[in-house]
Amino acid sequence: MNTSSDPSRLQGDFRLELNAFQHETMLPPPKRIRVIGLGNVLMGDDGFGPLTVERFHCKYECGLNVEVIDLGTPGLDLAPYLHGTDLVVIADAVHSLEKPGALCIYCEDDLITQGAQLRLTAHDPGLVESLAHLRLAGEIPSELIIVGVVPESCEFGKPISPAVFSASSIAVEKIAGLLVERSVSCFRRSAALPPNLWWLLDHRSKSLATWFTGFTS
Amino acid sequence: MARITIDPITRIEGHLRIDVEVDGGSVQKAWASCTMWRGIENILKNRDPREGWVFAQRFCGVCTTVHAMASVRAVEDALQLEIPANAQYIRNLILTGHALHDHIVHFYHLSALDWVDITTIPRADPARAASIADGVSNWPGNSRGELEAVQNKVNGLLGSGQLGIFSNGYWGHPAMRLSPEMNLILFAHYLQALEFQRRACQVVGILGGKTPHIQNLAVGGVMNAINLNSLATMNMDRLGTLQSLLQEMIPFVQQAYFVDACLLAASYPEWFRYGRGVANYLAVPDLPVDAKATKFDLPGGVIMNGNLGSVRTIQDWHDQPIRAAVAEDLTHAWYSGDGAQQPWKGTTDPDYTNFQDNGKYTWVKAPRYDGQPMQVGPLSNILVGYASGHPLTRKWTDAAFSRISANGPKLTPDALQSTMGRYLARAIRSAMLSDLALEHWQLLTDNILKGDDTTYNPPQFPQHEVVGVGMHEAPRGTLSHWVVIDKGVFSNYQAVVPTTWNASPRDQRGNPGPYESSLLANPVADPVKPLEVLRTVHSFDPCMACACHTLDVSGRQIAQVKVL
């Protein structure tokens with residue numbers, strides 16, 4: 001019996017060949033990347049993280065594999081958002097001896113080895129604990145970078161300070177640079193989107209509160 | 001007499017300090033103090049009530065949705081605004097997803113290590129552990145291979161000498177009594193729980209548009225567009241995804257978490273004798289099943305003096321007695337004023353003194369119900385439900401009792417009034433919620449298939465003053481937001497949150513709050529390692545982030561125990 005005349009067999013050979021072809025030409029799966037803002041927007045400079053990721057999102061467009069998200073102060077609930085990711089960039093307020101408004105960039109090792117010196121704001125224990133859990137579960141991010149700012153004041157109900165507000169625009173460029181260096185698709189938008197900074201709006205006039213002038217996105 | 005200060009007491013979030021005086025191996029006196037100021041309410045004054053929830057859900061980073069929900073319900077109550085049935089079901093599914101997530105995280109990640117000693121895991125026999133687990137559950141994550149893999153990870157962690165976050169455990173403490181195999185099973189689920197946390201986040205994210213901080217709420221309903229013929233809105237495809245996510249979560253809740261809580265209860269029966277504390281219980285009805293919110297799937301009620309027979313059921317959110325009964329006492333809190341304030345007339349003006357044993361000593365106010373301290377949380381839910389004959393509560397409570405009696409004590413609902421009872425009640429509530437999640441998914445789907453696509457009724461604000469209260473039975477217990485609206489803006493806003501009820505200080509009559517009284521007679525074998533105190537306080541699932549907020553964020557403090 002001539003097996004090559006068996007139509008089902010022919011179809012099977014073709015499928016195998018097609019699979020092999022697809023395998024040779026297949027691109028690696030896209031990296032799962034998250035740009036995360038941490039901090040409480042109601043607490044002055046602690047809102048640096050959410051502010052920075054909102055401005056980043058409005059100025060830069062990234063591939064679908066990049067999620068830009070404001071996570072507030074999730075504590076241990078940070079873990080699901082770091083789970084099984086390849087690259088995580090976190091914008092957050094950090095405690096440091098530098099002057100308020102200074103940007104400080106850390107990698108995950110700094111967080112572990114300098115834990116005692118590197119103090120993120122009130123919600124940092126969640127980051128360290130979340131990473132420890134994910135390491136044990138084998139789902140830790142391959143690379144973690146913290147883009148931190150030294151806050152001037154994190155008081156409840158206070159606005160963000162001008163120094164930290166300007167630092168956030170430098171942080172936006174820094175985040176874009178970190179992504180581009182790692183071959184992540186990240187392009188400056190031809191026309192920037194208007195950032196939604198609802199927590200900084202004056203509740204009567206619906207415009208940015210009067211304490212802040214010279215606002216640019 | 002030794003005085004012990006534990007500060008902070010929560011594993012992750014929050015700023016709770018507990019002071020206890022220990023004599024003869026047990027606690028004689030206790031103080032619960034929140035060390036950070038709360039200024040939430042002042043931010044909302046003069047704001048537009050339609051946007052209040054957006055700010056309210058930033059009170060706390062963990063329980064974001066619950067404050068958003070209580071805020072819109074408060075404004076809707078003030079306006080007597082009914083919301084469409086679809087909006088009720090969508091809100092209910094978000095609340096259920098959030099609560100399941102929260103209870104799972106509490107049991108495994110925030111409190112299991114008070115009972116589970118991971119340093120014994122290298123001695124466990126994985127085959128024996130798998131057979132123990134298989135004997136009580138059909139959870140697929142209990143295989144020998146899975147347990148061996150977890151054991152290897154723990155061996156690696158302990159071998160490295162770098163325990164990291166696990167270095168703060170009270171390992172080897174005499175009160176840790178689980179076998180190495182049981183420790184292995186529970187810790188395996190501890191790691192698996194991370195995966196199910198993600199599922200719960202996805203449920204909230206699909207409906208809420210984003211998580212954390214949902215975006216879909218509105219005073220008057222929800223902003224989810226429903227159109228079965230559109231790819232961009234709530235359609236059958238999205239409903240199908242939701243159903244699959246819920247179906248994937250349910251086995252973990254019912255076959256891992258619920259079973260583990262029963263195993264823990266059977267292994268530590270003495271903890272049904274400690275931690276009773278304030279035996280007055282309050283729960284509000286939640287998960288409304290109709291647009292008018294006349295019927296609920298979670299019952300509410302009030303029980304006084306631990307007498308389950310005396311339960312008074314709360315039929316719905318219009319209940320007049322609760323509106324009249326709730327007041328917040330400022331006598332021992334760092335706010336100006338003395339005595340009790342009705343929340344609509346409440347003030348939040350800081351007045352800091354030092355920690356004064358007999359004066360002011362905390363940033364938490366003391367909520368009272370008809371002048372009495374109340375316990376809130378899953379235990380209150382379960383006791384109120386059981387006492388009023390609620391079938392779903394009875395089904396899961398009886399299932400827990402029968403599991404525990406197989407190799408532990410024979411329990412009655414009265415035994416739940418204890419430290420272990422609070423852990424068990426949270427697991428029973430989770431099992432109930434996992435049943436209800438699918439039921440509310442069905443209610444939503446049926447209603448949409450009937451042709452109803454409404455999700456929003458626009459609010460109208462009167463020019464005169466109106467008051468309202470938004471109630472929600474949150475994971476940590478009864479939450480209520482009390483609002484006064486005048487000419488379309490908030491003129492007062494007070495949030496009476498679950499942890500304020502439970503972590504409440506003494507009141508003007510000197511009556512202590514639930515944490516404080518639950519610690520009396522609590523055993524303490526070693527004052528330098530007060531593990532037993534942590535067990536009782538953690539049984540309440542303390543979260544101070546919304547009970548009070550931060551004034552000073554300079555400290556990255558690992559739990560510190562001072563024996564004075």
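Just so it is clear, none of the values below were taken in a lab; they were calculated from the coordinates. Quick caveat, the model's predicted, so the values are computed rather than measured. Here Cβ is always computed from backbone atoms with ideal geometry, including for glycine, and neighbour counts include all displayed protein chains.
For region B:238-304, which trypsin sites (Lys or Arg not before Pro) are both in a DSSP coil and crowded by at most 12 other Cβ atoms within 10 Å? Intermediate results must be reported in sequence, preceding the final value.
Details: sites: B:238, B:273, B:276, B:292, B:295; in loops: B:273, B:276, B:292, B:295.
For trypsin sites (Lys or Arg not before Pro) across region B:238-304 that sit outside H, G, I, E and B with at most 12 neighbouring Cβ atoms in 10 Å, the list reads B:292, B:295.
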> Using θ = phi - 60° and the Karplus curve 6.51 cos²θ - 1.76 cosθ + 1.60, what whole-Hz ³J(HN,Hα) does each residue of region B:71-80 get, with Gly and Pro shown as x?
Replying inline: 5, 5, 5, 5, 5, 4, 5, 5, 8, 6
> In whole Hz, what ³J(HN,Hα) sequence does region B:202-214 give by Karplus (6.51, -1.76, 1.60; θ = phi - 60°), x for Gly and Pro?
Replying inline: 5, 4, 5, x, 4, 7, x, x, 6, 9, x, 6, 4
>> At 7 Å along Cα-to-Cβ for each site, give me the label-to-label distance between residue B:491 and residue A:181 in nm.
In response: 5.7
> Extension gain residue B:237-residue B:46, at 0.36 nm per residue separation less the Cα-Cα distance, in nm?
Replying inline: 64.6 nm
>> Per 0.36 nm of contour for each residue apart, how much would the distance between residue B:528 and residue B:452 grow if the chain were fully extended, relative to their Cα-Cα spacing?
In response: 21.2 nm
>> How long are the semi-axes of the equivalent ellipsoid of the protein assembly as shown, taking √(5λ) for every eigenvalue λ of the Cα gyration tensor, in whole Å from largest down?
In response: 38, 34, 30
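Give the average over all directions of the projected area of the C-alpha convex hull of region B:16-128, one decimal, in nm². Working shown, then result.
Working: hull surface 53.4 nm².
Spelled out: convex hull of the Cα atoms, projected over all directions, averaged, 13.4 nm².
What is the average number of partner chain Cβ atoms found within 10 Å of a Cβ in B:53-65? Can you show the working numbers first?
Working: counts 0, 3, 5, 0, 1, 9, 2, 5, 13, 8, 1, 5, 0.
Whole-number average of other-chain Cβ neighbours for B:53-65 is 4.
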> By a straight-distance test (C-alpha under 17 Å), which lysines pair with residue B:345 as possible cross-link partners, with residues fewer than eight away in the same chain excluded?
Replying inline: B:45, B:365
>> Can you return the aspartates and glutamates within cross-link range of residue A:59? Criterion is Cα-Cα under 15 Å, with same-chain partners fewer than 8 residues away left out.
In response: A:67, A:173
>> With +1 assigned to the C-beta of every Lys and Arg and -1 to the C-beta of every Asp and Glu, and no other charges, what is the dipole magnitude of region B:446-499 about the Cα centre in debye, to the nearest 20?
In response: 180
> Roughly speaking, what % of Cα-Cα pairs in region A:13-53 are separated by over 16 Å, rounded to a whole number?
Replying inline: 62
> So, in nm, how far is label residue B:160 from label residue A:109 when the simple model puts each one 7 Å beyond its Cα toward the Cβ?
Replying inline: 1.4
> What ³J(HN,Hα) values, in whole Hz, does the Karplus curve 6.51 cos²θ - 1.76 cosθ + 1.60 give for region A:25-38 when θ = phi - 60°, with x put for Gly and Pro?
Replying inline: 9, 5, 7, x, x, x, 5, 8, 10, 10, 10, 10, x, 10
> Where the centre of each part is set by its Cα atoms, how far does region B:36-79 sit from region B:290-315, in angstrom?
Replying inline: 25
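Just how large is the dipole of chain B about the Cα centre, in debye to the nearest 20, putting +1 at every Lys and Arg Cβ and -1 at every Asp and Glu Cβ?
Details: 46 positive and 52 negative charges, 101 e Å.
My answer is approximately 480 debye.
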> Using modelled amide H (1.01 Å from N, peptide plane; none on Pro or chain starts), what sits under 5 Å from the amide H of residue A:70, excluding residues fewer than 5 places away?
Replying inline: A:37
> For region B:401-492, what is the largest minus smallest coordinate of the Cα atoms on each principal axis, given in angstrom and ordered from greatest to least?
Replying inline: 63, 40, 14
> If you look at just the Cα atoms of region A:33-200, how large are its Rg and its Dmax in Å?
Replying inline: 14.8, 43
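How big is the C-alpha Rg of chain B next to the rule-of-thumb value 2.2 N^0.38 Å, as a ratio? Write down the numbers at each step before the final one.
Values: Rg = 23.0 Å, N = 564, 2.2 N^0.38 = 24.4 Å.
That works out to 0.94 for chain B.
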>> Can you sort B:287, A:197 from fewest to most other Cβ atoms within 10 Å of each residue's own Cβ?
In response: A:197, B:287
